[in-house]
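The values are calculated or read from the model by the stated rules, or taken from the named source; none is laboratory data. None of the values given here were measured: they were computed from a predicted structure. A quick note on method: Cβ atoms are made from the backbone with ideal geometry, for glycine too, and the neighbour counts reach across all protein chains shown. Just so you know, the surface numbers come from the protein's heavy atoms only, side chains and all, with ligands and any DNA or RNA stripped out. Shrake-Rupley method; radii C 1.70, N 1.55, O 1.52, S 1.80 Å.
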Amino acid sequence: MLTIHQFEVGYCTHPGCVALKGASFKACKFPARAWLIEDEGQRWLFDTGYANHFYDHTRRGIMRLYRSVTPVYFESKDALVNQLANDGIKPADINGIILSHFHGDHIAGLRDFPDVPIICSGDGWAKTRGLTGFSALKNAFVRGLIPDDFEQRTVFYEGFEQTSLPAELQVLGNGYAVNSQKTLLVVPLPGHAAGHIGLCVLTNKGWILLAGDAAWSPTNYRELRGPMAIANIIMDDKQAYYQTLNKLHQIDKQNIEIQLCHEGDLV
């Protein structure tokens, strides 16, 4: 069985109603979470949260708007690499970094983990890698956060062995096995961003779904109440987003724990 450790790696603020229709207009805190998943012999990260590299690459040009629209709060001690070091874990101890998607608040720490293999969506990368200017801004893609050797150490989950999911998760389709025990499975969760994925993780408590940005609040999927229409501007596929939200709704009714990256303090 696998264990999961959740980290908060900085946060941004934004009006809550943008993430959840009917919520307050007041600015809410949205943490950038990352996860360490491990068994007795291997360790994986799911996303990296913010890092100082985010500030370095959004100081000028059109990307200044990124951190103006969603003000970021981050201290160096909060970097994922530093939090892991506090637990005695070095970058070389990580077997792979799995990226839910390519938004800056999920990839900002990649440069802190040199030589670590990266797992992501090949389709998502193909649709993202050429973005520049306003298109990059709209897709929250900060090219400078991508390590120079990214493509040399990246493998795409689409090439992994497909496997059937347990009955309570079958609404997600097939899983893609990250490990030989098939206790860590990539699942496509399309809509929010190109190539957006989640992870099904088998723990002592049963299966847990790490759902990335497939929702920003449990209320999104429990009440099938999505974000305000303005949020559609940054979505890759609105229809797919709501289809994914409905799948989370069904999984939640199966009492499967769902963990979100940016679950905000929405009121």
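In this simple spin-label model, placing a label point 7 Å from the Cα along the Cα-to-Cβ direction at both residue 180 and residue 24 gives a separation of 5.3 nm.
In plain terms, the bigger the Kirkwood radius, the slower the diffusion; for the chain, with that radius from Cα pairs, at 37 °C and 0.692 mPa s, Stokes-Einstein puts D at 178 µm²/s. Relative intensity of the stretch 1-76 on a log10 scale, I(q)/I(0) at q = 0.15, 0.21, 0.26 Å⁻¹, equals -0.66, -0.96, -1.13, per a Debye sum over C-alpha point scatterers of equal strength in the absence of solvent. Near the amide H of residue 165, within less than 5 Å, lie the amide hydrogens of 175, all on another chain or at least 5 residues away, with H placed in the peptide plane.
Here's how it looks for residue 191: its modeled amide H is under 5 Å from those of 196, 237, which are all 5 or more places away or on a different chain.
Here the stretch 57-104 and the stretch 229-267 have alpha carbon centers that stand 23 Å from each other.
Karplus-derived 3J(HN,Hα) values for the stretch 205-214, using 6.51 cos²θ - 1.76 cosθ + 1.60 with θ = phi - 60°, are 8, x, 6, 10, 9, 8, 9, x, 9, 5 Hz; glycine and proline are entered as x. Dipole size of the stretch 128-267 about its Cα centre, with +1 on Lys/Arg Cβ and -1 on Asp/Glu Cβ: approximately 180 debye, rounded to the nearest 20.
Using θ = phi - 60° in the Karplus curve 6.51 cos²θ - 1.76 cosθ + 1.60, the 3J(HN,Hα) couplings for the stretch 217-234 round to 7, x, 4, 3, 8, 6, 10, 6, 10, x, x, 5, 4, 4, 5, 5, 4, 9 Hz; x is entered for Gly and Pro. The residues of the chain expose, per residue, 43 Å² of accessible area to a 1.4 Å probe. For the chain, leaving out every one of the GluC sites (Glu not before Pro) that falls in a DSSP loop and has at most 14 other Cβ atoms within 10 Å, the longest unbroken run is 76-160. Each of 36, 61, 72 was scored by the projection of its Cα onto the charge dipole of the stretch 22-98, and the greatest displacement toward the positive side belongs to 61; charges sit on the C-beta of Lys, Arg, Asp and Glu.
Considering only 172, 246, 18, whose Cα is most displaced toward the positive end of the charge dipole of the chain, charges sitting on Cβ of Lys, Arg (+1) and Asp, Glu (-1)? The residue sitting farthest along the positive end of the dipole is 18. Using 0.36 nm per residue and subtracting the Cα-Cα separation, the extra length available between residue 55 and residue 203 on full extension is 49.7 nm.
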